[in-house]
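Report on one structure; see the data block that follows.
Each reported figure results from applying straightforward, stated rules to the coordinates on display, with no laboratory input. Note that the structure is predicted; figures quoted are calculated from it, not measured. Note that we place each Cβ from the backbone using ideal geometry, even for glycine, and neighbour counts take in every protein chain shown.
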Amino acid sequence: MEVEILQEDGVGSGRTVTLDPTVFSIEPNDHVIWLDVKRIQAHERQGTSKTKQRSEVRGSGRKLYRQKGTGNARVGDAQSPIRRGGGRAHGAHPRKYTQNLNRKTKRLARRSALSYAAQNESLRVVESLAMEAPSTRELSERLAMMELADQKVFLVTQEVETEVYLSARNLEKVSVQEVGSVNTVDLLDAGVIVFEEAALETLTDVLSVAEQEPA
């Protein structure tokens, strides 16, 4: 599959790039995508929720009244979870939600997401996304010239481009990420993925290696 390489102004450069079939034309694995998305979303959870258990609430440990002879149910101290002001039974406590997947599985998830994007013809390649200074207007005009003004766009740069990031910060439907940090959620969440030419080559080199590794 070939994709035309665009200039910064959205006009075709007269060149094309051939997408690696081992990265952009595989049979997508939905289950692996689900595993990787679950891992990424779990990693974003803080896990800092905390409630006081029975041993942590303030109060006396004195038994409220004698065990037998009152006609009432047995009772311990005032920290009992069934009493007002008592501790929380089975309450939340700090924990880690992180999950792990092996490298080959995470790469397969990204290749599957890219293959879906290629099938939907939602991939674009530009020579460069670099900007001399932050300018939301300039970035908006560039996207408009690519006919992407009203779409959810994910820009993938070769390196950290601070000017591009600052320019996209006020554009609700535009996000920016350098190629080394691109994950499966980023790719699936985008309506259109716009690669810098160098970033596309880098990502292809990383993901195509997985096909050559022994099982």
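Does the chain come out rounded, prolate or oblate by the C-alpha gyration tensor, with a ≥ b ≥ c the root eigenvalues, rounded set by a/c under 1.5 and, if not, prolate when a/b is larger than b/c and oblate if not?
prolate
Hey, can you grab everything whose amide H is under 5 Å from the amide H of Val174? Only 5+ residues off in sequence or another chain; H modelled, so Pro and N-termini drop out.
Long-range HN contacts for Val174: Val153.
Please give the helix 136-145 orientation as an angle from the longest Cα principal axis of the chain, in degrees from 0 to 90, rounded to the nearest 10.
Taking Cα atoms only, the helix is inclined about 60 degrees.
Between the helical axis of 103-119 and the dominant principal axis of the chain, each derived from Cα atoms, what acute angle in degrees is found, rounded to the nearest 10?
50
Under a 10 Å cutoff between Cα atoms, tell me which one of Ala42, Ala78, Ala198 has the largest fluctuation in the Gaussian network model of the chain.
Ranking Ala42, Ala78, Ala198 by mean-square fluctuation puts Ala78 first.
Return the sequence-ordered ³J(HN,Hα) values of region 153-167 in whole Hz as given by the Karplus equation 6.51 cos²θ - 1.76 cosθ + 1.60 applied to θ = phi - 60°, using x for Gly and Pro.
10, 10, 9, 10, 9, 6, 10, 5, 10, 4, 5, 5, 4, 5, 5
Counting chymotrypsin sites (Phe, Trp or Tyr not before Pro) as exposed when in a DSSP loop with at most 16 other beta carbons within 10 Å, what is the longest stretch of the chain free of them?
98-215
Which percent of Cα pairs goes in each bin when the distances of region 96-193 are cut into 5 angstrom slices starting at zero?
Histogram of Cα-Cα distances, whole percents per bin: 2, 12, 22, 24, 18, 11, 6, 4, 1, 0.
Check each of the trypsin sites (Lys or Arg not before Pro) in region 100-162 and keep only those in coil by DSSP with at most 16 other C-beta atoms within 10 angstrom; list them in order.
The qualifying sites are Lys152.
For the chain, how many pairs of lysine residues have a Cα-Cα distance under 21 Å, where the two are 8 or more positions apart or belong to different chains?
8
In the chain, what % of DSSP beta bridges are antiparallel (nearest 5)?
Once the DSSP bridges in the chain are tallied, antiparallel ones form about 25 percent.
Could you state the angle between the C-alpha long axis of helix 30-43 and the longest principal axis of the C-alpha atoms of the chain, as a value from 0 to 90 degrees rounded to the nearest 10?
60
Mind checking which of Val57, Val156, Val185 has the largest fluctuation in a GNM of the chain, springs on alpha carbons under 10 Å?
In this elastic network of the chain, the residue with the biggest mean-square fluctuation among Val57, Val156, Val185 is Val57.
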